[in-house]
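Inspection log for the structure reproduced underneath, given as structure tokens.
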Amino acid sequence: MPLFSPVDLQSTCPPSTEDLVLGDGGSGLALRSSGTSGRRKVLYHSWEFTERVAFLGARGVVSALGTIPRRMANFLYPAELNGAFSFAQDVTRLLDAMSFPMGSSALASPETPEVLRDHAVDTVICSPSAGLKLLTEDTAGALAAVRNFLYIGEILGESRERQLAEARPELRVRSLSYSTSETGPIGYQCAYQTGSTHHLHEDALVVEVIDTAAERIQPDGRVGEVVVTTLTDSGMPLLRYQVGDEGYIETGPCLCGSAARRLTLVGRVRQSVNVDSTTISQELVMDRLSVLGITDPADCQFQVRTHETGFSIRLLVSDRTPSGLTADDAVAALRGAYHMQRVFTAPSYRGLTVERVDSSRFHHTDRGKVPFFHEEHAG
Ligand SMILES: [Zn+2]
């Protein structure tokens, strides 16, 4: 059976066609796939599917925390066909916990720590970047009652995980769910799993890790593209859907005793940017920056600014990276890659700057994600 790509989905999803929608499309939940640019992909999910999604999510939280949280504050982005906020609400309800629907905009409110303190909120649901900021900048101790941080939306990353462990050693940091708008929950964590490793919801979907170039399934431990087939009626069937992540599968026994296979995510598949007709990948940039001691993609953001007279590159590195990095150092390191050399010699190239800043000052999307590449068009 052929692979089904996000591009295939773009041309077969509503509103252009409802061919893939099961039932009459008269009721359900419309969600937009996130993390991609270009044409939007919209899914019409049935309410029945949405209930199953919540069940899988709640089951995952119980597995990850071992206990049921009592008071859960939801800081996810609540609009624009984004399903994560309502997913967290549904999970909270199924767990029979108290919900505090804060929304992502509450992250900027000075009142928020007080609200969490006054109501003894024990669990925060947040994107990795926003959660890191909220939980590590709590100098007044207003969030002392917070025991659990459940993140969703992107990989936490070693650097953020380490900072949380240093600032809040008692905090349990777990994935709320490895989930996509298209498929619903794919993976969940057990008490022994951290970072980007999840058990798979094997009773709800089939997950394969594929070497897409050779069109074959990767053996255990080998990185490939994550491909998902939903086993239940999702409102729209997805067979061998390329969710856009890369990872590897392990089948050996887990300390928790579960036989469910484990998937470790290593990143997004198509993290690349087109600079003056040259495609630059995240892998290429990180490979070159590693010689400067920058090894975690969460520690940098590669911004391309296009203006009337050409384009320039602004490389943001977090204050966790070695200090003293200059633009010349960065150019010298990046120049080692043929494609970057092409960028640096393009007639419209206008220079590269390096800024070492707190990662909260990286460009964030409305949904709280921190893309590796960011493009800006000025005037
Ligand atoms: Zn386990």
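Using a probe radius of 1.4 angstrom, the carbon and sulfur fraction of the accessible surface of the chain is 51%.
Compute the signed sum of charges (Lys and Arg +1, Asp and Glu -1) over the other residues within less than 12 Å, Cβ to Cβ, of Asn148.
Working: positive: Arg70, Arg71, Arg147, Arg168, Arg172, Arg174; negative: Asp122, Glu170.
It works out to a net charge of +4.
On full extension of the chain, what length is gained from Glu158 through Ala327, given 0.36 nm per residue of separation minus the C-alpha to C-alpha distance? Display every interim value, and only then the final one.
Details: separation 169, 0.36 × 169 = 60.84 nm, distance 2.54 nm.
Taking Glu158 through Ala327 to full extension adds about 58.3 nm, to one decimal.
Working out 0.36 nm times the residue gap between Arg240 and Thr212, then minus their Cα-Cα distance, what length gain in nm do you get to one decimal? Mind dumping the intermediate values first?
Working: separation 28, 0.36 × 28 = 10.08 nm, distance 1.19 nm.
Separation in residues times 0.36 nm, less the Cα-Cα distance, equals 8.9 nm.
Computed FRET efficiency, Cβ-Cβ of Glu375 and Met1, R0 35 Å: what is it to the nearest 0.05? Intermediate results must be reported in sequence, preceding the final value.
Working: r = 35 Å, r/R0 = 1.01.
That pair, Glu375 with Met1, gives E of 0.50.
Where in region 24-94 are there GluC sites (Glu not before Pro) that are in a DSSP coil and have at most 13 other Cβ atoms within 10 angstrom of their Cβ?
Details: sites: Glu48, Glu51, Glu80; in loops: Glu80.
Sites meeting the loop and neighbour criteria: Glu80.
For Gly267, the residues whose amide H sits under 5 Å from its own are Glu246, ignoring neighbours fewer than 5 places away on the same chain, with H placed 1.01 Å from N.
Between Val266 and Thr309, residue separation times 0.36 nm minus the direct Cα-Cα distance comes to 11.8 nm.
Using only alpha-carbon positions in the chain, the gyration tensor eigenvalues give semi-axes of 33, 27, 21 Å once each is multiplied by 5 and square-rooted (largest first).
Along each principal axis, taking the top coordinate minus the bottom one, the Cα set of region 3-135 gives 50, 28, 28 Å in descending order. The ellipsoid that matches the Cα gyration tensor of region 272-377 has semi-axes, each √(5λ) in whole angstrom, of 20, 17, 13, with the longest given first.
The values are calculated or read from the model by the stated rules, or taken from the named source; none is laboratory data. Just so we're clear, the structure is a prediction, and the values are computed from it rather than from any experiment. Cβ atoms come from the backbone with ideal geometry, glycine included; neighbour counts cover every protein chain shown. For the accessible areas, the whole protein counts, side chains as well, though only heavy atoms, and no ligand, DNA or RNA atoms are used. Shrake-Rupley method; radii C 1.70, N 1.55, O 1.52, S 1.80 Å.
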